[in-house]
Amino acid sequence: MSEQLYIGLMSGTSMDGLDAVLVDFSGEQPQLLQHYSQALPPHLKAELQDLCAPGTNELHRLATADRQFAEYSAEVVLALLEQAQLSASAIAAVGSHGQTVRHMPDALTPYTVQLGDPNTLAALTGIAVVADFRRKDIALGGQGAPLVPAFHEALFKTRLAEDCPTAVLNLGGIANITLFAANGGEVTGFDTGPANTLLDLWYQLHHPDAAQSYDPEGSYGASGKVIHELLAAMLTDDYIQQAPPKSTGREYFNYNWLMSYLESADGSNSGWRSEDIQATLAEFTAATVAHGLQQASPTPVHSVFVAGGGAFNQHLLGRLAAHYPEAQWRSVAALGVDPQQLEAMAFAWLARQFMLGLPGNMPAVTGASRATVLGGLYLP
């Protein structure tokens, strides 16, 4: 067994599919050797989305989806190994984030739920699995998210130790920022609000037969006009105004959330075109990211490096630059990392941190009382 080869698995809030990466940690910097992505089976995607909100017979449905997502994850891991021409014995461990269906860090009894039974995943792949990364941080009073800023610090801090603040922005289903203070100061971060979750939701509602489940390059949003009264109403949302540390997910920013604003913004919404709402949602993401950067740093951020699926949405990137013109906006590809694979790499790194007995969280990000080793080990 290699002590340096790890697999990371990430299925984000958008639920587009599962990204798997093979990472070599033998050098000074982790090296991405292979990556493989597979779409979620439609029936499983629909069930996972439904489980993000209260429903009937939840316990049975959750337990069933937990096993099914693990079986699907095992298929993806085995396909990655076949692509890399490696056996299971070559891998030190799989870091599995699992699929979040509820994330309630601010509830009276805080909790978070990620599906993808690691026992099943370990048994089907023959590889040790490190999973359940969020709950230890919540047990220590933290948000349990975002976790990727710790990896961003490990990967980028020496390269981003500039005399002005810089940031890494992940545009997945939810947008989160990692802020590198000037001259190597403390690294912070938090979820700023939705990124692709609402954009994809609205696009799918109005393009049910489209080849893709998202707005390619943001062209549909770019065809619309921003509804300023709707945007102004959404920007007053409690989560957007909340001070960090904070984290969120699909259980908050979802269809019901959107419809509540569409129905209450004003009485003229029956005349709003669907592309105008798409444009407004893109504007909302851009405005809340800009607000987050202002919350994170009183000094203007000089450079923002963008990762995640939203890094390919040209319309959204343009609106981000318009809302925060102080920064240079670039892909993390400029730092030598594939923007689609950065989050999955983070969970390979978190698995390695566990195996080495090293902390995986950042109290300055999550609000936990201390740094700690995250996750649990599940042997095949």
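Here, each number is a calculation from the coordinates, and none is a lab measurement. Keep in mind it's a predicted model, so treat the numbers as computed, not measured. FYI the Cβ positions are ideal-geometry reconstructions off the backbone, even for glycines, and counts take in every protein chain you see.
Between Thr299 and Asp50, what is 0.36 nm times their sequence separation minus the Cα-Cα distance? Round to one decimal in nm. Spell out each step's value before the answer.
Numbers: separation 249, 0.36 × 249 = 89.64 nm, distance 4.15 nm.
Full-extension gain reported as 85.5 nm.
For the chain, take the longest principal axis of its alpha carbons; what is the angle in degrees between that and the long axis of helix 274-296, to the nearest 10 within 0 to 90?
The angle comes out near 70 degrees.
Tell me which of Ser247, Phe284, Met355 sits at the most positive position along the dipole axis of the range 246-356, charges placed on C-beta atoms (Lys, Arg +1; Asp, Glu -1).
Highest projection toward the positive end goes to Met355.
Can you tell me the equivalent ellipsoid semi-axes for the chain? Use √(5λ) from the Cα gyration tensor, largest first, whole Å.
Numbers: eigenvalues 196, 122, 77 Å².
So the equivalent ellipsoid measures 31, 25, 20 Å along its semi-axes.
Taking the Cα centre of each part, how many Å lie between the range 90-121 and the range 237-260?
Spelled out, the Cα-based centre of one part sits 20 Å from the other.
With each pseudo-label sitting 7 Å past Cα toward Cβ, what's the Ala107-Gln31 distance in nm, one decimal?
About 4.4 nm, to one decimal.
Under the classification rounded if a/c is under 1.5, otherwise prolate if a/b is larger than b/c and oblate if not, where does the range 90-239 fall, given a ≥ b ≥ c as square roots of the Cα gyration tensor eigenvalues?
Values: a/c = 1.61, a/b = 1.21, b/c = 1.34.
Taking the square roots of the gyration eigenvalues as a ≥ b ≥ c, the range 90-239 is oblate.
For Leu235 and Glu75, calculate 0.36 nm times their separation in residues minus their Cα-Cα distance, and state this gained length in nm to one decimal.
Values: separation 160, 0.36 × 160 = 57.60 nm, distance 4.11 nm.
Full extension of this stretch gives 53.5 nm more.
Just to confirm the number: angle between the C-alpha axis of helix 314-323 and the first principal axis of the chain, 0 to 90 degrees, nearest 10?
70 degrees
With an 8 Å Cα cut-off and a minimum separation of 6 or more residues, compute the relative contact order for the range 138-201 in percent. Please report the intermediate quantities before stating the final value.
On the way: 98 pairs, mean separation 18.6, N = 64.
Answer for the range 138-201 is 29 percent.
Take every Cα pair under 8 Å in the range 180-282 that's 6+ residues apart, average their separations, divide by the length, and report that relative contact order as a whole percent.
Details: 95 pairs, mean separation 45.2, N = 103.
With pairs under 8 Å counted, the relative contact order is 44 percent.
Would you work out the charge dipole size for the chain about its Cα centre, treating the Cβ of every Lys and Arg as +1 and the Cβ of every Asp and Glu as -1, and quote it to the nearest 20 debye? Walk me through the intermediate numbers first.
Working: 17 positive and 37 negative charges, 124 e Å.
For this selection, approximately 600 debye.
Can you show me the helix-derived [θ] at 222 nm for the chain, built from DSSP H runs with n ≥ 4 at -39,500 (n - 2.57) apiece and divided by the number of residues, rounded to the nearest 500. Walk me through the numbers before you get to the answer.
On the way: 14 runs with 145 residues, N = 380.
When only DSSP H runs of four or more count, the value is -11500 deg cm²/dmol.
Just the number: Rg to Rh for the range 284-370, Cα atoms, Kirkwood Rh, two decimals. Don't jump to the answer; show the numbers that get you there.
On the way: Rg = 15.3 Å, Rh = 14.8 Å.
Ratio of gyration radius to Kirkwood radius for the range 284-370: 1.03.
Suppose a student asked you for the relative contact order of the range 282-380, using Cα pairs under 8 Å spaced at least 6 residues apart; what percent would you report? Can you show the working numbers first?
Values: 100 pairs, mean separation 21.1, N = 99.
Value for the range 282-380: 21 percent.
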